[in-house]
Amino acid sequence: MRYVAGVMLALLLMARTAPAQTQVAATPPMGWNSWNHFECKVTAADVRGAADAIATNGMKDAGYLYVNIDDCWEGARDAQGRIQPNEKFGDMKALAGYVHGKGLKIGIYSSPGPKTCAGYEGTYGHEEQDARTYAEWGIDYLKYDWCSASRVYSSDKMPEVYEKMHRALLATGRPIVFSLCQYGLHRVWRWGAGVGGNLWRTTDDISDNYVQMSWIGFQQAGLESSVGPGHWNDPDMLEIGNGGMNHDEYVTHMTLWCLLAAPLLTGNDLTKVKPEDLAILLNKEAIAVDQDPKGVQAHRVSAEGPMEVWAKPLADGGFAVGLFNRGGAPNPVTVRLEDLGIHGSAAVRDLWQHKDLGSFRGEFTAQVPTHGAALIKVK
Ligand code: GLA
């Protein structure tokens with residue numbers, strides 16, 4: 001009953017328009033996050049290294065702007081209760097200044113509970129104070145991870161706990177992207193936007209292998225109605241470049257995330273990224289699909305055994321279409337144009353080959369390698 005009341009409250013809140021949300025995340029946030037590669041070993045030097053790389057390797061020009069510190073930056077609170085960074089981070093204001101000096105933005109991480117997932121100091125009881133501290137440091141993005149909040153709140157309190165931090169961030173007057181992380185519990189996609197979330201994780205953590213990545217990515221089917229400018233489903237950060245998947249699998253990862261209008265937060269060591277992995281991250285035609293201003297998440301058009309077709313309507317009236325082969329052998333994958341509402345012929349462009357393929361009537365078929373994907377634009 002209390003859960004129902006919580007959800008009702010959230011639905012009521014959703015009716016409110018939230019201009020701050022579209023101001024900071026009109027399209028899905030793009031950038032880098034320390035967790036997938038560095039985990040708790042992350043230091044300020046790693047964050048500076050990521051900012052240097054993004055500013056010079058083409059990523060900034062491609063739209064990757066946020067340099068996000070995940071868990072393990074936190075130290076103790078001082079006598080006034082103000083959170084301090086630990087010795088690996090030192091001066092957060094200086095770090096934010098460094099990242100801003102590169103024309104980039106900086107993100108941070110906390111938990112509504114007393115401790116973060118890695119056991120560092122959380123925000124519980126210090127919401128307004130922490131929001132003010134982040135704003136003073138110049139923080140532009142907060143990932144707020146449920147973790148130990150389950151020790152102090154019942155789970156039906158999630159909407160109001162997140163709403164509380166949203167209000168604290170708003171009160172600072174600084175535009176700060178608000179990223180909810182509670183692993184998709186209680187169908188967060190139904191209330192995340194209403195409590196001020198710009199994005200919310202829809203699943204448990206990703207890991208750098210095809211099984212987990214594809215399990216997470218393909219289970220976004222059916223969640224598309226929650227998404228729009230300012231508020232996005234977050235199937236977790238990218239693993240491209242971390243070495244656990246092959247080229248075709250990373251192409252599937254990027255293709256699917258772009259079709260899903262997912263946040264594109266790379267999770268690798270950008271100071272050591274291989275050219276072929278960087279090329280995947282820099283595919284501007286794929287990124288344009290992700291960042292399309294219409295802000296629609298792709299839906300699954302068809303599934304036949306291991307072959308799946310997903311389509312994302314675009315602002316210019318065309319469709320981005322993903323042709324996926326989840327099976328263990330190469331396969332032809334076909335999209336029927338009728339399934340997109342196209343009855344005449346349509347022009348097809350390959351967004352990985354960067355090539356116009358001509359005009360097609362009825363259907364289009366691509367040969368797709370094992371665990372691979374084709375990404376086309378149909379118009
Ligand atoms: C949780 C989150 C991860 C990461 C870690 C940090 O597992 O889901 O994305 O932030 O906590 O401890």
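The values are calculated or read from the model by the stated rules, or taken from the named source; none is laboratory data. Computed from a predicted structure; not experimentally measured. Cβ coordinates were reconstructed from backbone atoms using ideal geometry, including for glycine residues, and neighbour counts include every protein chain displayed. Only protein heavy atoms, including side chains, enter the accessible area calculation; ligands, DNA and RNA are left aside. Shrake-Rupley method; radii C 1.70, N 1.55, O 1.52, S 1.80 Å.
Within the assembled protein chains, the solvent-accessible surface assigned to Y141 is about 10 Å², based on a 1.4 Å probe.
Per-atom-type breakdown for the range 44-179 gives carbon and sulfur 49% of the accessible area (1.4 Å probe, protein chains only). What angle, in degrees between 0 and 90 and rounded to the nearest 10, separates the Cα long axis of helix 247-259 from the longest principal axis of the Cα atoms of the chain? That helix lies at roughly 80 degrees to the long axis. Using a probe of 1.4 angstrom and keeping all protein chains present, the accessible surface of the range 16-150 works out to 36 square angstrom per residue. Taken per residue, the accessible surface of the range 198-331 reaches 32 Å², heavy atoms only and a 1.4 Å probe. Computed with the Debye formula from one identical point scatterer per Cα of the range 244-308, without solvent, the log10 of I(q)/I(0) at q = 0.20 Å⁻¹ comes to -0.88. Only helical runs count toward this figure. For the chain, summing -39,500 (n - 2.57) over DSSP H runs of n ≥ 4 and dividing by all residues gives -8500 deg cm²/dmol at 222 nm. Here the range 208-294 has 56 percent of its accessible surface on carbon and sulfur atoms, given a 1.4 Å probe and all protein chains in place. Could you check what % of the DSSP bridge pairs in the chain are antiparallel, to the nearest 5? The answer is about 60 percent antiparallel.
All C-alpha to C-alpha distances of the chain, sorted into 10 Å bins beginning at zero, yield P(r) values of 5, 24, 33, 24, 11, 3, 0, 0 percent in whole numbers. Which of rounded, prolate, oblate describes the range 207-350, given a ≥ b ≥ c as roots of the alpha-carbon gyration tensor eigenvalues and a/c under 1.5 marking rounded, otherwise prolate only if a/b is larger than b/c? Prolate is the answer for the range 207-350, as a/c is 1.5 or above and a/b outweighs b/c. No disulfide-compatible partner, judged by a Cβ distance under 4.7 Å, exists for the following cysteines of the chain: C181, C258.
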